[in-house]
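Below you'll find the structure, written out as structure tokens, and then a few comments.
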Amino acid sequence: MMLDLGRMENREGFSFRNEFSIETEEGGTARCRAEVEGTVARRGGRLLLEASVESSTEFECSRCLENFELRIDTELDLVFHHEGRTEVPDCVEDEDFILLTGTIEHRYDIFPRVRESILLELPIKPVCRSDCKGLCSSCGENLNSNSCICSEKKTDPRWDVLRKLLSKED
Ligand SMILES: [Zn+2]
Ligand SMILES: [Zn+2]
């Protein structure tokens, strides 16, 4: 995902696609496909980059263990500053502010930024959907598509009185 910033005119669009691996919490890897579309605009001696990142990663649901595609869409906002051409503003410490020095650095690889922007949005425990019922802890049945009788069997009759009281309140 190399941008040739030295050749960017007043305003230029760009787009990239990339596929890469992400390490999961469980120590496995997940395949991520990312599409980046953006523009670079020249403002004085600075370049402003705005890009949208659309990604899709194949994860195993942490509750039901089914594979699913997790979509994460984020945005990138970067400011490039040419050394010597403009005053270095106060925000130079800002992580989104990138100082371009030698001409060789006019080629800028935005892939690490794209990857980082996706990683920041990844949930620690990805689930296929927010109301995923997961697997039954007794029989292993996927409770999204099937029900099992374990929960009925496990019910303690001593709680029945309380359960009746609670259901009356509804
Ligand atoms: Zn699930
Ligand atoms: Zn069960």
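Each reported figure results from applying straightforward, stated rules to the coordinates on display, with no laboratory input. These numbers were taken from a predicted model, which means no experiment stands behind them. Reconstructed Cβ throughout: ideal geometry from the backbone, glycine too, with neighbour counts over all protein chains shown.
Sort 19-29, 125-135 by the packing proxy (mean of other Cβ within 10 Å over each peptide's residues), most packed first.
125-135, 19-29
Work out from phi, with θ = phi - 60° and the Karplus expression 6.51 cos²θ - 1.76 cosθ + 1.60, the ³J(HN,Hα) of each residue of the range 107-117, listed in order in whole Hz, and give x for Gly and Pro.
Values, residue by residue: 8, 10, 8, 8, 4, x, 5, 4, 4, 4, 5 Hz.
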